[in-house]
Amino acid sequence: MRKDVMQPIQTLDAFFTRSGAEVSLYHMGRRVVPCPRETLRGFENGELAWPEPWQQQARLGVVFRLGDMPEPAIWFLALPLDEQGLLVPAQRDGFINRLLETLGRNAAHTGSETLATQETADVDHLMKDNPLAFTPDITFQAMLNAQATHTLGLPASQHLEPVEAYISGQQAIDWQALGLQGIADYSVRLDPPTAAALASRIRHLPASVIHSLCYCLEHLPLSEALVDALRERGEQAANEGDVETLCACVRAVGSSSSTRVGSWYVNLLSDSAACGPDLLAAIAGRGWQWLEDEECLPLFLLRLAQDQRTHFTAVVRDIALIPRLRLLVIMALRDAPTASPIQQRLAQMMPRS
């Protein structure tokens, strides 16, 4: 018998490999995007920090099928992180032990044959009273379902067609009857012509539709035309004092690579009157990639420090846990001028003797 078959299963990645499961992984922390298996493998082996931490957790959606399961199972796991963004393994190890006990210890040595005979109920039972399990908010659940079905070539939900008819203007539908799952399906399936058509409709949609649409679009890279339309709608909302719609539009463009996003963020951060806690949270939560910009990050930290309503320490620690931002944040804090608002807030963070 091969030695690698006899090795105990010690990681989630090893379990999925050994079981022969069909697996798709998704980040479920800062946004819903595919997570490569290599990322999970390196993370579990202690080789890399989790790239998209949220509330000091690696939040992961696992869509998988074992053996003859009629429908894929979905696990939502929140793996605890240390101060470096690396895995704290104790709870993960406990979950794997419970997993092997539930599905049969023989599975660790015999491969997929044993696991293929297990009932779906056994797999679902693992999430009950599981300290790693969490429930994503409804939009994250809708986006995971939309992305997973689209990737697997499965049909969209029945809610997609009314959303397409409403947003295209082809049919008068009460917007309150639109389903969030339909909006998620619509967002995931945006092709260039549909994105262009949506961009032309952004200014005309009710605020409530804009909010739901933005909370789905924030997980996706958008076309420049759509970024421009959302910026225009956001600026209109700012002029009208509608902070919720402004922040929704700021969040929606956060995953896009257009330099228009970065310039908009800098413009907003340059206006002290526009930078309340909600806007700063929108940028940190969904547009954190743009904080890599040498102009954007110092401005962000300054506005964060100036507003006493913000949780400066918590936000700084949160964004510093993102591997690509960690060194940049440390350097920006170090280089802040003496007696600046940033240095004053840092001094408040220091324990008093």
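Side notes on the structure shown:
- If you take all other residues with their beta carbon under 13 Å from the beta carbon of ARG37, and give Lys and Arg +1 and Asp and Glu -1, the sum is -3.
- Annotation for ARG309 and SER272: the two label points, set 7 Å from Cα along the Cα-Cβ direction, are 1.6 nm apart.
- The alpha carbon gyration tensor of the range 136-189 gives principal lengths a ≥ b ≥ c with a/c of 1.5 or higher and a/b no greater than b/c, which makes the shape oblate.
- Cα gyration tensor, the range 294-353 - rounded (a/c under 1.5), prolate or oblate: rounded
- Inter-label distance, ALA165 to THR102: 4.1 nm, where each label sits 7 Å from its Cα along the C-beta direction.
- A simple count of charges around LEU81, restricted to other residues whose Cβ falls under 14 Å of its Cβ and scoring Lys, Arg +1 and Asp, Glu -1, yields 0.
- Charge dipole (debye, nearest 20) of the chain; +1 at Cβ of Lys and Arg, -1 at Cβ of Asp and Glu: 720 debye
- Backbone HN-Hα couplings from phi across the range 314-321 [Karplus 6.51/-1.76/1.60, Hz, Gly and Pro as x]: 5, 5, 4, 5, 5, 6, 6, 6
- Net charge of Cβ neighbours under 11 Å - reference LEU160; Lys, Arg +1; Asp, Glu -1: -2
- Of the residues GLY42, SER208, GLN348, the one whose Cα sits farthest toward the positive end of the charge dipole of the chain, with +1 on the Cβ of Lys and Arg and -1 on the Cβ of Asp and Glu, is GLN348.
- The range 138-349: proportion of alpha-carbon pairs further apart than 25 angstrom, %: 41 percent
- Using a Förster distance of 30 Å, the FRET efficiency for ASP93-GLU292 (Cβ separation, nearest 0.05): 0.30
- Toward the positive end of the charge dipole of the chain, with +1 on the Cβ of Lys and Arg and -1 on the Cβ of Asp and Glu, the farthest Cα among GLN55, ALA225, GLY67 is that of GLN55.
- Computed E for ILE173/ALA207 - FRET, C-beta separation, R0 25 angstrom, nearest 0.05: 0.90
- Between the residues HIS150, GLY262, PRO337, the greatest Cα displacement towards the positive end of the dipole of the chain, with unit charges on the Cβ of Lys, Arg, Asp and Glu, is found for PRO337.
- Contact order relative to length of the range 138-349, as percent, for alpha carbon pairs under 8 angstrom and 6 or more apart: 13 percent
- With a Förster radius of 22 Å applied to the C-beta separation of GLN236 and ARG260, the computed FRET efficiency comes to 0.85.
- Distance in nm between pseudo-label sites at GLN55 and HIS150 (7 Å out along the Cβ direction from Cα): 2.6 nm
Values quoted throughout were computed directly from the atomic coordinates according to the rules given, and no laboratory measurement underlies them. If you're wondering where the values come from, they're calculated on a predicted model, not measured in any experiment. Counting neighbours? That spans all protein chains shown, and the Cβs are built from the backbone with ideal geometry, glycine included.
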